[in-house]
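The values are calculated or read from the model by the stated rules, or taken from the named source; none is laboratory data. Since this is a predicted model, take the numbers as computed values, not measurements. Virtual Cβ from ideal backbone geometry, glycine too; neighbours counted across all protein chains shown. Keep in mind that these areas ignore ligands, DNA and RNA; they rest on the heavy atoms of the full protein, side chains included. Shrake-Rupley method; radii C 1.70, N 1.55, O 1.52, S 1.80 Å.
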Amino acid sequence: MKQIFILFISGLLLLSCEEKNMKNLPFKSESGFFNALIEIPAGTNKKYEYNTEDLSFEVDQRDGKDRIIPYLPYFANYGYIPSTLSDSTKGGDGDPVDIFVISEALSQGTLIPIIPIATVKLIDDNEEDYKIIAVPADETLNVLHVKTFEELKSKHPSIITIIETWLANYDTDPLKINGWLDQKETEDYIIKNSQN
């Protein structure tokens with residue numbers, strides 16, 4: 001019998017088990033917030049992804065080598081929203097919906113309730129590759145003290161530039177930034193791509 005440990009730390013759910021089966025994690029938290037699963041802690045450069053076949057976090061491979069971001073480290077925690085898939089029949093990449101959670105670094109495998117505040121619309125290899133920008137629902141973890149896109153633009157306008165600059169430079173393949181979705185449009189996008 002596999003042992004599963006669930007730790008609650010500052011409102012976070014840190015999952016760890018012999019085989020981290022994260023395929024069926026809840027779309028929303030018990031309190032009704034969207035969830036995010038962290039694959040890459042803020043401040044790191046290795047591009048990790050969750051492998052649903054091996055049930056493990058693995059460094060993404062490119063040309064047979066570990067993919068290491070040849071630019072500044074991740075500006076936020078990166079992962080995905082469980083139980084979502086961006087619709088490949090409508091231009092998406094067929095992967096779970098990507099998300100950046102702006103907070104202090106969170107451990108890989110952390111499931112955290114979040115507030116999605118905006119989406120950066122990217123075009124990557126002629127596919128939509130939208131990146132959700134979010135903050136923790138737990139106010140003690142919300143370092144920006146914002147809950148909406150309007151608050152972000154008003155209180156921290158330079159963050160928009162930082163995010164766009166990072167996204168335009170982090171990959172060796174050029175990406176095109178195709179605008180932003182606001183908070184309501186972001187929530188609609190997440191729900192539209194939900195598998196629930």
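Once you have a ≥ b ≥ c as the square roots of the Cα gyration tensor eigenvalues for the stretch 96-196, tell me rounded if a/c is under 1.5, and otherwise prolate or oblate according to whether a/b is larger than b/c.
Here the stretch 96-196 falls in the rounded category.
Using only the Cα atoms of the chain, build the gyration tensor, take square roots of its eigenvalues as a ≥ b ≥ c, and label the shape rounded, prolate or oblate: rounded if a/c is under 1.5, else prolate if a/b is larger than b/c, else oblate. Intermediate results must be reported in sequence, preceding the final value.
Values: a/c = 1.37, a/b = 1.12, b/c = 1.22.
Cα axes put the chain in the rounded bin.
Ignoring any ligand, DNA or RNA, what whole percent of the accessible area of the chain comes from carbon and sulfur when the probe is 1.4 angstrom? Mind showing how you got there, number by number?
Working: 5120 of 10270 Å².
Heavy-atom surface of the chain belonging to carbon and sulfur, 1.4 Å probe: 50 percent.
Where the only charges are on Cβ atoms (+1 Lys, Arg; -1 Asp, Glu), what is the dipole of the chain about its Cα centre, to the nearest 20 debye?
Details: 18 positive and 32 negative charges, 82 e Å.
Using only the charged Cβ atoms, the result is roughly 400 debye.
Please give the per residue accessible area of the chain, computed with a probe of 1.4 Å over protein heavy atoms only, in Å².
52 Å²
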